[in-house]
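The values are calculated or read from the model by the stated rules, or taken from the named source; none is laboratory data. Note that the coordinates shown come from a computational prediction; the quantities given were computed from them, not determined experimentally. Positions of Cβ are backbone-derived with ideal geometry, glycine not excepted, and every protein chain shown enters the neighbour counts. These accessible areas exclude ligands, DNA and RNA; they are computed on the full protein's heavy atoms, side chains included. Shrake-Rupley method; radii C 1.70, N 1.55, O 1.52, S 1.80 Å.
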Amino acid sequence: MNWTLALPELVLALSGLAILVAGVLPRRDMTFPCTMMVLGAFLLSGAFVLTQPDGMGFGGQYISDAFARFMKVLVLAGAALALLLALDWNRAEGLSRFEYPVLVLFATLGMMVMISANDLMSLYLGLELLSLPLYVMAAFHRDNARSSEAGLKYFVLGALSSGLMLYGMSLVYGFAGTTNFAQLAQVLGGTAPISAGVVVGIVFIITGLCFKVAAVPFHMWTPDVYEGAPTSVVAYFATATKVGAIAAIVRVLAGPFGGAVDQWQQVIVLASIASMILGAFAAIGQTNIKRLMAYSWISHTGFVLMGLAVGTEAGLRGVLIYTPIYLMMSLGAFSVLVAMRRNGHAVENIQDLAGLGRTDPAMALGMAIFMFAMAGIPPLSGFFAKLYVLLPAVEAGFWLMAVVAVLSSVVSAYYYLRVVKVMYFDASTGALDARPSGVSFVLAGTGLFTMFFFLMPAPLLAAARQAVAALIG
Amino acid sequence: MFVGAVFFPLLGACVSGFLGRWLGDRVAMWSTVFFMALAAICGLLAFWQVALSGQPQTVVLFTWMQVGELSFSWSLRYDTLAAVMVGMVTLISTLIHLYSVGYMSHDATPSRFFAYLSLFTFMMLMLVTADNLVQLFFGWEGVGLASYLLIGYWYEKDSANAAAMKAFIVNRVGDLFFMLGMALTFFTFGSLEFDAIFGAVQDHVNDVFLGIPSLELIGVLLFLGACGKSAQLGLHTWLPDAMEGPTPVSALIHAATMVTAGVFLICRMSPVMEFAPVALAIVTVVGASTALFAATIGCVQNDIKRIIAYSTCSQLGYMFFAAGVGLYQAAMFHLFTHAFFKALLFLGAGSVIHAMSDEQDIRKMGGIWKKIPVTYAVMWIGSLALAGIPFFAGYYSKDAILEGAVAAGTGVGMYAFVCGAVAAFLTAFYSWRLLILTFHGKPRADHHTMEHVHESPLVMLVPLLLLSVGAITTGFVFAPYFIGDAATAFWNGAIYNLPAKDMMEALHHAPHWVPTLAKTVAISGILLAILIYGFLPHIPGRVAAAAPGPYRFLLNKWYFDELYDRIFVQPARRLAVQLWQVGDARIIDGMPNGAAALAAGASRGTVRLQTGKVASYAFAMIIGLVVFVTLFLTGR
């Protein structure tokens, strides 16, 4: 058995256990050393990912290909930067416990398993390994009622979606006779009509995955959890886990169910349109910036699903370009959210940003860049992200979806630009506290990427093309 | 030298305009005067060399643009026609600059004024030295722009703004025709360079465009363009209103620049116009009608500057019908002499206004001739020249034009002669009406104003005296060159006359009764004015009362403004209001406003879905699942 194929995951899992031990044994606070060790583990794992060869292992349960590597690098980068942001925030909020980095590590491990899954069983395994730490993290601020409520809500709804998904998997297994992706693709790609049982099973699986990417109508947990959970946790939710969720849905729909594209296309189109519209309109009335970001994500989900719904190579490539660009914008925006702190207390209303243009011009500039990029204004990276999913949709004749996408972009520009307006034109209600160095680091890195992506997009485009080629063969 | 004559004013304008604040007003003023003086020296030398010594030349500056077959350069074309204009414009403009130093001494921003004034002169020089129609058009538009700036110089006055806008808009109407004419010229000749056009006229005599001979159409279009700048009947309405600008501006616009541009254009295009007899006939009729029409209005106006403005309008009519009958030389000659005496009259009027504490209504003047004797004397000289009294400048040019009109021997020629003769009578009449009402009789101004009546400072009087010399001498000095025996050598081919017509020869054989008649009507006009306004001051009022209709008709300038208001302005305004209130406010604004309201409503609706209850969230998920399954199963 070629177990070395799964070296990144193995390294991560073993270092997770080791760090857990290292955190428990000493009597003093081990948060900072543990965080650093987790970052080191991410780095090591990332290095192994980059050198990972193509292949299949563990009896066809595990696959390593260009798509998996592409997504894993993004997940690891997102997780590492989110953890960096969390370090200062957790300390300031009194949440400084060494379990937090370990939980992040195991959640990330779950995502990597999910990304490399080549079987419904390993997919579910990865998904649960991701979800369980996330439930805990959402309720991490356990003395805070809102945080506990968020954790509980997330757990209940997450359990529901996991149940639905598992039920769907059993249906697929029952009617198709296999859970292996390659064999499923063979069965569904044939000329014989697909039985209704398999179709229902696919719908249930899609439901579970849509819950993870927060597509309408399975999005309802998102605003509440984003608002209730600690900002540092949300920074992880909104960045790394989104990448994992996108990877999972793309892997499943384009891989084993690729042959049944006519069956699920309609549903994804519907979810995409509904997400874009709801994300655009519901965000308008928000005053809490974390809720705003939640709806903003729902709207982005719509765009991602649009690329997926098109189903062509160009569409999938659009998704794979959208993902890293979104990751960077989102990390940047959350670095600002994490830094929103006045007189030692976290603040999270949009109005709290008033006058930031004068009190902290650098951060305001960064936030303005992210907001403009999310609104899709050229030449920032967000514009290209939207362009690369919109073009295939237009070329493939999905006019309704394309028109909705453009119009919802216009509507969402309103609330993004409102943030910019508040920062630059409203009277200041007092300066925010000085931002920690971790925030400055993330802010500068993501800001530069978002700002200057258009100068050399070629490496990313090439990587995305390779990943898509690996996915659809 | 040739370049200097044109570009020194631009230099002056830049110095005064951009550095004026830094240099201070006095330095800025005098620097523009200095540069204008340099330009005038260059201009006079150029005039000497080109016109009197017969050495025309073209100075190419650089290529301007090249678009396909269309290519033209910036170049200064100095032939006699241009040299006459350059010499005259620079000289008069210098005197006006000098005069303005005194006149504008109490103004708040004289550096801005002088910058505009120099810019205006530069644009006019650009226009007259153009080597192609596009460069000419550049100067043409530049003059329009500068006139807008100058007329609206006192921008805090509503009436000045309105007048500036009116001048600009009316000029745009003319410009439109000019541009059409240019386009058709390019279409016909494939070039806009004068040499190329003039050389190819013979080949295109029989060209037809839209069923009309091309040359005729070009002639008419260019003439309509000229009408705008030169304030001919129909497009004249801006000229009297342009009096809202400071008086030196009026003098510059009316005497040497701007209004003469149209006449210049027709003379410049003489090789084309000569082959367009119908267009020339139109020029003649419109010119003659303008001469008469403006003179009638001049008789009843009460604003000293407006009277002179209408006289300009009328004199321009003379120039046009002279050109119309083919006597471009006479038209240029009248333009030349007119520049001197009209500048003199305007600056004299400015001196009067200055003396009367900015009073412009001649009904409130009177009895001031003893207090401002120099101004009084120069106004007499200017009026004598304007009326065409022998040995003053206007006599030579106006006589030549009237003789030419008769000598043309055509119906339109005779019409022009009759109009011209009547206008000459009216011109003499209103000139002396102005003189007598302004300077003689009992003082009608209030005591306070009368105490302040004073002669203008030396800096204003010197230009007046120099212009008086011009108004007296230019006639008999230059008559031999412009229209006399030396004319052929003088013009040196700058103006083209159809050999078959040979108007220059016909001019010398005009009937002898014509000059006699001209002198008679002029003198009788003077005598009538002296009689009525000097000795029987109650007559005018009684005449006006006896014929209220005609009087009001004249006083309201033949109701041209009202007519245009009714025909063009009000419908356009109504349309604009409709477009604004319905098109813009309701439909165009309505759409985004409605969309915004819709978005806000949708936002409220979607937010309400977010109840916060886990059960309802789970319910939504299940509903979604059901919808998906249904879709799947029905969509197969």
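Of the heavy-atom accessible surface of chain B (probe 1.4 angstrom), what whole percent is carbon and sulfur?
Values: 17100 of 24750 Å².
Carbon and sulfur: 69 percent of the exposed surface of chain B.
Would you please classify the overall shape of the stretch B:1-131 from the alpha carbon gyration tensor, given that a ≥ b ≥ c denote the square roots of the eigenvalues, rounded means a/c under 1.5, and beyond that prolate means a/b larger than b/c while oblate covers the rest?
oblate
Taking the Cβ of B:V205 as the centre, find all other residues whose Cβ is under 15 Å away and add up their charges (Lys, Arg: +1; Asp, Glu: -1).
Taking every other residue near B:V205 into account, the sum is -4.
At 1.4 Å probe size, with every protein chain present, just tell me what the per residue accessible area of the stretch B:260-303 comes to in Å².
Averaged over the residues of the stretch B:260-303, the accessible area is 15 Å².
With a 1.4 Å probe and all protein chains in place, put A:L103, A:L76 in order of accessible area, largest first.
A:L103, A:L76
Using a 10 Å cut-off on Cβ to Cβ distances, tally the other chain neighbours for every residue of A:191-204 and report the average as a whole number.
Per residue, the number of nearby Cβ atoms from other chains is 2 on average.
How would A:H141, B:H538 line up by accessible area, probe 1.4 Å, largest first? List each step's numbers first, then the result.
Details: A:H141 40, B:H538 95 Å².
Listed by decreasing accessible area, they come as B:H538, A:H141.
Using a 1.4 Å probe on protein heavy atoms, which residues of the stretch B:609-636 have at least 50 Å² less accessible area in the complex than alone?
For the stretch B:609-636, once contacts with the other chains are taken into account, B:Q610, B:V614, B:Y617, B:M621, B:L625, B:F628, B:L631, B:F632, B:R636 lose 50 Å² or more.
Per residue in the stretch A:260-274, which ones lose no less than 40 Å² of accessible surface when going from chain alone to all protein chains (1.4 Å probe)?
By number: A:Q263, A:Q266, A:V267, A:L270.
To the nearest 10 degrees, how steep is helix B:110-128 against the longest Cα principal axis of chain B, on a 0 to 90 scale?
Once rounded, the angle reads 80 degrees.
Rounded to the nearest 10 Å², what accessible area does A:R342 have for a 1.4 Å probe in the complete protein model?
Counting only protein heavy atoms, A:R342 exposes about 40 Å² to solvent.
What size of dipole, in debye to the nearest 20, comes out for the protein assembly as shown about its Cα centre when the only charges are +1 on Lys and Arg C-beta atoms and -1 on Asp and Glu C-beta atoms?
2220 debye
For the stretch A:3-472, build the charge dipole from Cβ charges (+1 Lys, Arg; -1 Asp, Glu) around the Cα centre, then report which of A:L95, A:S195, A:P133 sits farthest towards its positive end.
The listed residue farthest towards the positive side: A:L95.
Rounded to the nearest 500, what is the protein assembly as shown's calculated 222 nm mean residue ellipticity when only DSSP H runs of at least 4 contribute -39500 (n - 2.57) each, over all residues?
Helix-only estimate at 222 nm: -24000 deg cm²/dmol.
Within 10 Å of each Cβ in A:212-225, how many Cβ atoms from other chains are there, averaged over the peptide?
Shielding by partners across A:212-225 averages 4.
Over 18 Å between C-alpha atoms is what I'm after, so list which of B:K398/B:K519; B:K305/B:K371; B:K157/B:K364; A:K153/A:K212 land there.
B:K305/B:K371; B:K157/B:K364
How far, in degrees from 0 to 90, does helix B:277-298 lean away from the longest principal axis of the Cα atoms of chain B, to the nearest 10?
80 degrees
Provide the descending list of Cα extents for chain B along its principal axes, expressed in whole angstroms.
For chain B, the Cα spread along each principal axis is 113, 69, 56 Å.
Can you give me the solvent accessible area of A:S428 with a 1.4 Å probe, rounded to the nearest 10 Å²?
About 50 Å², ignoring ligands and nucleic acids.
How big is the B/A interface in buried accessible area, both sides summed, 1.4 Å probe, to the nearest 100 Å²? Working shown, then result.
Values: alone 26180 and 17310 Å², together 40780 Å².
Adding both sides of the contact gives about 2700 Å².
With every protein chain in place, what's the accessible area of B:K157 (1.4 Å probe, Å², nearest 10)?
80 Å²
Using only Cα atoms, locate the centre of the stretch A:99-126 and the centre of the stretch A:290-342, then give the distance between them in Å, rounded to an integer.
21 Å
Could you check the spin-label model distance between B:F560 and A:V394? Points 7 Å from the Cα along Cα→Cβ, value in nm.
Result: 5.5 nm between the two label points.
Between 0 and 90 degrees, rounded to the nearest ten: what's the tilt of helix B:590-609 against the longest Cα principal axis of chain B?
Computed tilt is about 20 degrees.
Order A:W3, B:W432, most accessible first, counting only protein heavy atoms with a 1.4 angstrom probe.
The most accessible residue leads, giving A:W3, B:W432.
Measure off 7 Å from each Cα along the Cα-to-Cβ vector at A:R27 and A:V403, then give the distance between these two points in nanometres to one decimal.
Taking the simple label geometry, A:R27 and A:V403 are separated by 7.2 nm.
Please work out the FRET efficiency for the pair B:R604 and B:A572, using the Cβ-Cβ distance as r and a Förster radius of 60 Å; give the result to the nearest 0.05.
According to the calculation, E is roughly 0.85.
Taking a probe of 1.4 Å, how large is the accessible area per residue of chain A, in Å²?
I get 34 Å² per residue for this part.
Grab the other residues whose beta carbon is less than 14 angstrom from that of B:T427, score K and R as +1, D and E as -1, and report the net.
Value of the local net charge: +3.
Taking all protein chains as present, what is the carbon and sulfur share of the accessible area of the stretch A:3-472, in % to the nearest whole number, probe 1.4 Å?
Here it works out to 69 percent.
Show me the ranking of peptides A:109-119, B:53-63 by mean Cβ neighbours inside 10 Å, starting with the highest.
Highest mean packing first, the order is A:109-119, B:53-63.
How much net charge surrounds A:A68 when only the other residues with a Cβ under 11 Å from the Cβ of A:A68 are counted, with Lys and Arg +1 and Asp and Glu -1?
Local net charge: 0.
Lys/Arg Cβ at +1, Asp/Glu Cβ at -1, dipole of the stretch A:3-472 taken about the Cα centre: which of A:S232, A:M340, A:I268 is farthest positive-ward?
My answer, from the dipole projection, is A:M340.
Which shape class applies to the stretch A:3-472: rounded if a/c is under 1.5, otherwise prolate when a/b exceeds b/c and oblate if not, where a ≥ b ≥ c are the square roots of the Cα gyration tensor eigenvalues?
The shape class here is oblate.
What is the average number of partner chain Cβ atoms found within 10 Å of a Cβ in A:277-290? Let's see the in-between values first.
Numbers: counts 2, 5, 1, 4, 10, 9, 3, 8, 9, 2, 0, 0, 0, 0.
Neighbouring Cβ atoms belonging to other protein chains average 4 per residue here.
Give the Kirkwood hydrodynamic radius (Å, one decimal) of the stretch A:315-473, defined as one over the mean of 1/r across all pairs of different Cα atoms. Before the final figure, lay out each step's value.
Numbers: mean 1/r = 0.0597 Å⁻¹.
By the Kirkwood definition, the hydrodynamic radius is 16.7 Å.
Within the stretch B:182-212, which residues have the backbone N less than 11 Å from the label spot 7 Å out from B:T58 along Cα→beta-carbon, could you tell me?
B:192-199
Where nothing but the Cβ of Lys and Arg (+1) and of Asp and Glu (-1) is charged, how large is the charge dipole of the stretch A:3-472 around its Cα centre, in debye to the nearest 20? Don't skip to the end; give the middle numbers.
Details: 23 positive and 21 negative charges, 104 e Å.
Dipole size: approximately 500 debye.
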